[in-house]
Amino acid sequence: MKTNLEGRYTSTYGFVGTNELEKQAETTFGKNWEAESDVEQIQELCDNIEKGRYHAYCIETRDDEDIIVRESDNWELSTDELKELLANRGYYTNNLWHISDVQQNYDCESEDAQELLDKVMTSEWLTEQTFVAIDEVACGMFAPKYESKTI
């Protein structure tokens, strides 16, 4: 199976063959499956591989219709789905800050609230405090990866 499914296809068969997805197609649609609703079938295969990563849609060309598969720009995903995507990539997403957290207490524009959040979240003090807290909690849970060197 290819790692990037983006491309232009003429049918579900073409998509499956090009991307070596014969086993996934059989698992998804059953043995001896047939192409029916190409865009829907391609989207279902993409979602079975990695939900939300790809978006399949149809465009009309001079002679026929082509199916485009592209990586999702994530605009059509909910906040929870976006958080899940980031969590699946190893990011902690249970404590996110929003411009509304600033604007509930201060009269400012969205851009100013975003700038304030950036200054706070990237401050040396907050970074240091986060690592101190990680060390304190980790000491009771895990063995250190590296031993402290004594001079």
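Read-outs throughout are calculated quantities, based only on the coordinates presented, and are distinct from any laboratory measurement. All values reported here derive from a predicted model rather than from experimental measurement. Every residue, glycine among them, receives a Cβ derived from its backbone with ideal geometry; neighbour counts consider all protein chains shown.
A few comments on the model shown:
- Spin-label pair Ala143-Phe131: with each label point 7 Å from Cα along the Cα-Cβ axis, the two points sit 2.4 nm from one another.
- Length-normalised contact order of region 36-151 in % [C-alpha pairs under 8 Å, at least 6 apart]: 11
- Shape analysis of region 97-143 places it in the prolate category; the axes a ≥ b ≥ c from the Cα gyration tensor give an a/c of at least 1.5, with a/b above b/c.
- Excluding same-chain neighbours fewer than eight residues apart, the aspartates and glutamates reachable from Lys119 by a Cα-Cα span under 18 Å are Asp101, Asp107, Glu109, Glu111, Glu128.
- Length available on full extension from Glu124 to Asp112: 0.36 nm per residue minus the Cα-Cα distance, which gives 2.3 nm.
- Shape call, the chain: gyration tensor on alpha carbons, a/c limit 1.5: oblate
- Cα centroid separation - region 107-131 against region 1-65, whole Å: 43
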